[in-house]
Amino acid sequence: MSDDKKRKLNSAAKVSSVKKPKLEAIKPDGDEDDVKDRKPKGLLSDPALLNRSKLCPYLDTINRHLLDFDFEKLCSVSLTRINVYACLVCGKYFQGRGTNTHAYTHSVAESHHVFLNLSTLKFYCLPDNYEIIDSSLDDIKYVLNPVFTMRDIRNLDKEDQKMSRTVDGTLYSPGIVGMNNIKANDYCNVILQSLSHVKPIRDFFLIEKNYANIKRPPGDTAFMLVQRFGELLRKFWNPRNFKSHVSPHEMLQAVVLWSNKKFQITEQGDPIEFLSWFLHILHKQLRGNKQPNSSVVYRTFQGEMKIYTRKLPPTELDDVQKQLLLATDEYQEKVETSSFLYLTCDLPATPLFIDEFRENIIPQVNLYQLLAKFNSVSEKEYKTYKENFLKRFEITRLPKFVILYIKRFTKNTFFLEKNPTIVNFPVKNIDFGDILTEENKQLHKHTKYNLVANIVHDGEPNAGTYRCHILQKSTNQWYEMQDLHVTSILPQMITLTEAYIQIYEQQEDDDDDVVEVKQPS
């Protein structure tokens, strides 16, 4: 064999012994969200081929007007909550992105190609099944999951806070957004709106890491209420919303579930009952205990009072028998210390007769008269089935935010009655120090409070509606909010309403009480 032939055979053998690059196709992910994106090997590691994940020709088909992330994250076909994707063209939710999934079928049938994974916040193009990486989609990601920094929160109440603009051009102020009324959930809406303007509550829940890592026992799914409330507040204060209203659908679904259907979205309820239940379950889920500062709820709303109780002798006894009973230990005055999250104010009874002009008189009462119940001197009689008691209340510690519940409804054997008495109250500079004893007053540096939220009931006792008045601190402007309707209002008009629940904020510096309330333009 010649030398030339030997050299050719040797070179052919060397070529055959070299491993050829293996082409590995990228397997489309099915229903697994947390599968890591596998980097292709061999020839597919070419940067030009990898850039295909960043370029998508269908981004102009996205319709931001139809995107709504306020509803439950479940597939519109199978109703499952696992691996749900939002179609960014029509706004509907579908499961998965593999070849046999509802999202894949929808993309082929309707020619809708851009989808967002609602849990991982990743964008995909179907049916080609590749991830889309494009900074122009960041606004959609932010609407789904708004994120606030400490700097953002500090700027929320500053005077230079700018108005925001929705996709359709509507201007709105972050924090002042309407809420959908699904059927009869306005009693929940007014409470959620009011709590969103209580600064410590708002600042705590706007930063998710404050409560994301709270230890809880296995199977404790009621913590979902805390997460849903945090999501709702972040949507309220989102400066980049696509629309100027928010739907509380997910929040209220959690409320119905964890209140064992005590609070419904299809039946009217009582805001004070919902507020009491909601604050207690928030405190419990944040691992609060009986200590005053064990949760943000107690730090904000919990006050303390002494309750003096003495038993009254039966009225049918004569004076001598009454005196003998009053000398026994059972009829001596007893003192107990109790905490409170809100103060119940009792309205005087309405007049039974009409005036000389044949018209009903709408009685009026000053708020300080109602607060006199807590001055440690005034006594109020409480009746039970067998016994009567006299009680007086002495507030020993005022919270940073005082919630007043003006008791308008009374139930008797036959029906529910409403007291329409108008309460005259100041919007600023109400001094709770007037109802404190001198000893307790020395313990409080600040006793003046300003109104931040006012909840009103309109209509008949069993068929009325609720609305609220909210103070926007950045503009010092009052707004009236009733579901989706948001209008500016003069502070003088607030005092003419049938106030039901009020929230007052403690003044940190008494010098700021000279600030004038701006009137709407």
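The values are calculated or read from the model by the stated rules, or taken from the named source; none is laboratory data. This one's a predicted model, so the numbers in the text were calculated from it and none came from an experiment. Reconstructed Cβ throughout: ideal geometry from the backbone, glycine too, with neighbour counts over all protein chains shown. Accessible surface areas use protein heavy atoms only, side chains included; no ligands, DNA or RNA. Shrake-Rupley method; radii C 1.70, N 1.55, O 1.52, S 1.80 Å.
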* Asked: Considering the dipole of the range 299-438 built from charges on the beta carbon (Lys and Arg +1, Asp and Glu -1) around the Cα centre, which of Gln364, Phe340, Leu324 is farthest to its positive end?
  -> Phe340
* To do: State in Å² the accessible area per residue of the chain; use a 1.4 Å probe, count heavy atoms of protein chains only, and round to the nearest integer.
  => 55 Å²
* Structure fact -> Expressed to one decimal in nm², the mean projection of the alpha carbon convex hull of the range 426-503 is 6.9 nm²
* Asked: Relative to the Cα centre, what is the charge dipole magnitude of the range 373-443, using +1 at the beta carbon of each Lys and Arg, -1 at the beta carbon of each Asp and Glu, and rounding to the nearest 20 debye?
  -> 380 debye
* Structure fact -> Inter-part gap, Cα centre of the range 238-310 to Cα centre of the range 106-124, in whole angstrom, is 36 Å
* For the chain, just run the numbers: alpha carbon Rg, then divide by 2.2 N^0.38 Å, N being how many residues it has. => 1.34
* To do: Using a/c under 1.5 as the rounded threshold, could you call the range 285-330 rounded, prolate or oblate? The axes a ≥ b ≥ c are square roots of the C-alpha gyration tensor eigenvalues, and prolate needs a/b larger than b/c, oblate otherwise.
  => prolate
* Structure fact -> Computed ³J(HN,Hα) along the range 60-75: with the Karplus parameters 6.51/-1.76/1.60, θ = phi - 60°, integer Hz and x for glycine or proline, the list is 6, 8, 5, 10, 5, 5, 9, 7, 9, 9, 7, 8, 4, 7, 9, 5
* **Projected-area average for the range 180-322 over all orientations - Cα convex hull basis, square nanometres** => 13.2 nm²
* Structure fact -> Computed from the beta carbon distance with a Förster radius of 56 Å, FRET efficiency for Gln442 and Asp319 to the nearest 0.05 stands at 0.85
* Asked: With contacts defined as alpha carbon pairs under 8 Å and 6 or more residues apart, what's the relative contact order of the chain in percent?
  -> 12 percent
* With a ≥ b ≥ c the root eigenvalues of the C-alpha gyration tensor of the range 254-410, is it rounded (a/c under 1.5), prolate (a/b larger than b/c) or oblate? -> oblate
* Top positive-direction residue, dipole computed over the range 113-266 with Cβ charges, set Pro146, Val190, Ser259 -> Ser259
* What dipole magnitude, in Debye to the nearest 20, does the chain give about its Cα centre under +1 on Lys/Arg Cβ and -1 on Asp/Glu Cβ? -> 3300 debye
